[in-house]
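Any read-out appearing in this document is the output of simple, stated calculations on the displayed coordinates, not a laboratory observation. Computed from a predicted structure; not experimentally measured. Glycine also receives a Cβ, built like all others from the backbone with ideal geometry; neighbour counts cover every protein chain displayed.
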Amino acid sequence: MVLTMELWGFIIKVPQGLEKNTSSVYITTSSLPSAYEAYLNQFQRDFGTFLRMRSEEMVCNGRMVLTFIGRSTLDDPLYRDCCHFWTLISESMCDLVFEGIMSASKVESLNMPFYDPSKEEVKEVIQNEGSFEINDLEIHGFDLGQSSGNNEEGGAGEKEAKCIRAVSESMLVAHFGDDIIDALFNKFAYHASQHAGCACETTVTLVVSLNRENNNFIRNCPCNLVRSTSLYVASLHHHSIHLSDENIYDEIKHLRCFFNQKLKP
C-alpha cells in the first residue's frame, strides 16, 4: 500500500505563548526565540501524532509519501525571505491598518497555524516516533509563481495571491470576518508582484518516503490482535474443532496473554 499526502504546514493549532509575537502573523527575525520554540514544539507534537495515527491505519511494510513546505535555513530559524508568503500577508495587513480598514489589535493578535520545518527537524520527529523508517528525504525548490517572470499586469502576484487565499481564507475570515478579504488579497497581489523574479531561497518543498516499521506493528495496531484471534478460531473450525462461545472466550484470553508477553520490554 502506498499513501501519498500533500500537506500545508504541519501543526493543527496555533501554539501557546505567542502573546508577544505581534509584529507579524508568523515568526520572523523580529520575533523572540521563544516564538520559534513554541512553533517547533507544536510541530513535534502534531507531526508525531499524525505519524502515529497513520501507522495504525497502515499494513506492515506499507509505504507513505509526504510532501510539505519546509525551510532551508538552519543557522537562524527565525529568518524568512522578504518574499515569504506570510511576510507579504503581514505587509498587506499593515497597509490596511494604515488605511483604517483593519484593526491594529486584531492584526497583532493573529498568528498563523503553520510551521515550515527543516529537513533535520522532520527527520528527528520521524525517528523519535518510531513507526516509520525513512526511505528517502529530499529537498526541492518552492515557487508559487513569483519567479516565473510573468509580471504582465501583476500576473505573477495574482497567481500567488490566489494560491495563498485558497489555503488561508477560512482562517482569516474566522479572525477578521469576510469584509476585508478581497482588499487584503488585492494588497497581497501587489506586494507579491513587486517581488516577481525573486527566488524564495529559505522556503523549500520537502518530500519524504516512509516505510511502515515491523517492530511496533502489534503495539500500535490493536486491531491486529482481533484479526489474529479471528484467523486462529477460523483455523480451528476448518479442522472441525468446534468451539462453544465459552471456549472461544478462553482462546481469546490465552491469545491476549500470549501477545502481552510478547510485547513486554
Exercise. Residues with amide H under 5 Å of Gly70's amide H, sequence separation 5 or more or different chain, H placed in the peptide plane at 1.01 Å from N; which?
Worked result: Val204, Thr205, Leu206
For this session: Over all directions, average the projected area of the Cα convex hull of region 71-122 and note it in nm².
Result: 4.3
For this session: Could you work out, for region 2-216, what percent of all Cα-Cα pairs fall into each 5 Å distance bin, beginning at 0 Å and stopping at the bin that holds the largest distance?
Result: 1, 7, 14, 18, 18, 16, 12, 8, 4, 2, 1, 0
For this session: Please report Glu158, Glu19, Glu169 as a ranked list, fewest other C-beta atoms within 10 angstrom at the top and most at the bottom.
Result: Glu19, Glu169, Glu158
Problem set entry | At 1.306 mPa s and 10 °C, Stokes D of region 30-112 from Kirkwood alpha-carbon radius, µm² per second | 98
Problem set entry | Virtual spin-label span in nm between Thr205 and Asp182, 7 Å along Cα→Cβ | 3.2
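Only counting other Cβ atoms within 10 Å, I'd like Ile69, Ile181 sorted with the fewest neighbours first.
Starting with the residue having the fewest Cβ neighbours, the order is Ile181, Ile69.
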For this session: Would you mind ranking Phe188, Phe43, Phe98 so that the residue whose beta carbon has the fewest other beta carbons within 10 Å leads the list?
Result: Phe98, Phe43, Phe188
